[in-house]
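Bear in mind these aren't lab numbers, they're just calculated from the coordinates by the rules spelled out. Keep in mind that this is a model prediction, so the values were computed, not measured. In this analysis, Cβ positions are derived from the backbone assuming ideal geometry, glycine residues included, and neighbour counts consider all displayed protein chains.
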Amino acid sequence: MMPLEGVFVGMIDGAVCCTTTDISAIAPHDLTLYQLVEGEEVPHIGWVLENDAFVKPEPPLTPLSSRQIRLILNRHNYLSQVEPAIKAIPDEITRNEAHIEWTYASSFDSSHPLIETMRVALGISEADMETMWREGMVL
């Protein structure tokens, strides 16, 4: 049997964890193996295989400052709707806490319950919210 030649990519859960020209170095592990074709770019650690091509994954969402979130909501014509949405929260304690968070928080995490509440109240899809958040990250 002839040894396999070329560049091999080891993946765990669809993400690149190693590359090698010596398949025996990674074969015993629980990895999904992919053999690159000649001329194909060697992917970096962390890249993912999508539609038979390796792509760099999106960076994780980072917190937005109070300024960033207000600017991005303004640019997408949602800023003026936030306070009325907060005032419409039926439970007084929840409404007051949302108002305090919105007014005084110095930063916002995308997974914070207030962000999800406002996303739903303003009719923003999850995909659009992520796109807006990424836009805000570079402001």
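What is the distance, in nm, between label points placed 7 Å from the Cα along the Cα-to-Cβ direction at residue 67 and at residue 5?
Result: 5.8 nm between the two label points.
Mind checking the full-extension length gain between residue 131 and residue 107? Use 0.36 nm per residue of separation minus the Cα-Cα distance, one decimal, nm.
Working: separation 24, 0.36 × 24 = 8.64 nm, distance 1.80 nm.
Gain on stretching residue 131 to residue 107: 6.8 nm.
Would you please give the FRET efficiency between residue 19 and residue 52, computed as 1/(1 + (r/R0)^6) with r the Cβ-Cβ distance and R0 = 22 Å, to the nearest 0.05?
Taking R0 as 22 Å, the efficiency between residue 19 and residue 52 is 0.85.
Can you pull the three principal axis extents for the Cα set of the chain, in Å, largest first?
74, 28, 24
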